[in-house]
Amino acid sequence: MVKSRYFTKTQEFDGMPKVIDFKIVEEEIDDDLKDKEILGEAIYISVDPYTRYAVYYNVPPGAPIIGFQVIKVTKSKNPKYFVGEKIMVHGGWRTTCKVDDEQVWYKVDKISGIDTSVFVGALGMPGMTAYCGFLEICQPKEGETVFVNGCAGAVGNLVGQIAKIKGCKVIGCCGSDEKIKFAKSIGFDDVFNYKTCKDYPGILKKMAPNGVDCFFDNVGGRMSTDVLACMNVGGRISVCGAISAYNSKTLGQGLSTGLSSSKMLRNQLLMRGFGVGQFKDKFPEALKHMIQWIQEGKLKIHETTTKGFENTPQAFIDMLSGGNIGKA
């Protein structure tokens, strides 16, 4: 047996999660592994917006909080992974975890100039989400205009950079002047602060006088409806998340009005929601290109790092509150 710790929720979240909603549970894990099982110690744990949504529906109080992490293999009965290797897994908020093939995403290879932490960011779930969700659904063409909300976050900042690599004009929104400065530093052509903006359609028409061709939606809410008014005929919308509603007790306002439907009909818009797992066959291609772009300096990495396993809930809360720039 080996000792481990994991975080669980003490009660259902009431709006924005609070530190007191979490507690650490100590456990012992049987290290007598079955075929294809792996035991490993956490090096980096990812905190992501989707966890807020998923925990509400899929994690009862007492069960471990779900999430991705990079682990160092300490024991293995899986011929694909050896002791000492690093792998990216869906192992949850744990110090030590036991996983099988279904929970392993891929091996974390040693790549010149790329830190291990990037495998829970640009080379992990957020990176695969940005690459596949944007390129497969929006299918951007050179010269088109792309709008990204949450553009300084883990996924949004990567979508913007990929769009620039593909020769697009890229505009976005985020929640602070510091984030605007960051977004422009990685290539966004124009960015506005959604917290201080009083007229979303007005500023979008100013930033994109020729209309928006692709909309990568991380946020949902009223703005998602407003963006439709600025989209060109044949525009494409990739629905990645709805972080504006994750802490809400109601569904809020979004793409549910007759006005939205008429705009979609009139402009022949394509809107598709997705889960990144459905593109798993595209991951090798995505990793190849993302690694190449990072090494060439075309894709810049920015991380907000919190040290100490015990501080994972605070890092999660800070991320949901917009306290991070890039990947948390």
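Condition first: open to solvent by 40 Å² or more (accessible area, probe 1.4 Å) and among the β-branched types (Val, Ile, Thr). Now tell me which residues in segment 11-38 satisfy that. Once the filter is applied, which keeps residues that are open to solvent by 40 Å² or more (accessible area, probe 1.4 Å) and among the β-branched types (Val, Ile, Thr), segment 11-38 yields 19, 20, 24. Every condition in (1) of a type in the set (Gly, Ala, Ser); (2) within 20 Å of the chain's Cα centre (by Cα); (3) within 28 Å of residue 242 (Cβ to Cβ) is met by residue 15 except one, and the failing one is (2).
Pull out all pairs, ordered by first then second residue, where Cβ-Cβ is under 7 Å, the residues are six or more apart or on different chains, the first lies in segment 103-121 and is assigned by the TED database to the domain that holds residue 72 and open to solvent by 60 Å² or more (accessible area, probe 1.4 Å), and the second is polar (S, T, N, Q) and part of a helix (DSSP H, G or I). Pairs that qualify, where the first residue is assigned by the TED database to the domain that holds residue 72 and open to solvent by 60 Å² or more (accessible area, probe 1.4 Å) and the partner is polar (S, T, N, Q) and part of a helix (DSSP H, G or I), are 113/295.
Looking only at segment 302-328, how many residues end up being assigned to a loop (DSSP other than H, G, I, E, B), of a type in the set (Lys, Arg) and not assigned by the TED database to the domain that holds residue 46? So the answer is 0.
Applying a threshold of 7 Å to beta carbon distances and a minimum spacing of six or more residues, or different chains, the list of pairs starting in segment 162-174 at a residue that is surrounded by fewer than 24 Cβ atoms within 10 Å (Cβ to Cβ) and ending at one that is of a type in the set (Lys, Arg) reads 165/298. Those residues that are open to solvent by 60 Å² or more (accessible area, probe 1.4 Å) and either under 15 Å from residue 86 (Cα atoms) or assigned to a strand (DSSP E or B) (or both), I need them from segment 53-73; list them, please. Of everything in segment 53-73, just one residue is open to solvent by 60 Å² or more (accessible area, probe 1.4 Å) and either under 15 Å from residue 86 (Cα atoms) or assigned to a strand (DSSP E or B) (or both), namely 72.
Considering segment 225-244, the residues that are over 18 Å from the mean Cα position of the chain (by Cα) and polar (S, T, N, Q) include one that is farthest from residue 189 (Cα to Cα), namely 225. Considered as a group, the residues in segment 276-299 that are of a type outside the set (A, V, I, L, M) and touching a strand residue (DSSP E or B) at 6+ places or on another chain (Cβ under 9 Å) include one that is least open to solvent (accessible area, probe 1.4 Å), and that residue is 283. The residue list 44, 50 contains one member that is touching a strand residue (DSSP E or B) at 6+ places or on another chain (Cβ under 6 Å), more than 13 Å from residue 96 (Cβ to Cβ) and either of a type in the set (Phe, Trp, Tyr) or assigned to a loop (DSSP other than H, G, I, E, B) (or both), which is 44. If you go through segment 181-190 one residue at a time, do you hit one that is in contact with a Ser or Thr (Cβ under 7 Å, 6 or more places away or on another chain) and assigned to a strand (DSSP E or B)? The answer is no; no qualifying residue exists.
The values are calculated or read from the model by the stated rules, or taken from the named source; none is laboratory data. On a predicted model such as this, the values are computed, not experimentally measured, just so you know. Reconstructed Cβ throughout: ideal geometry from the backbone, glycine too, with neighbour counts over all protein chains shown. The area values use the complete protein model at the heavy-atom level, side chains included, leaving out ligands, DNA and RNA. Shrake-Rupley method; radii C 1.70, N 1.55, O 1.52, S 1.80 Å.
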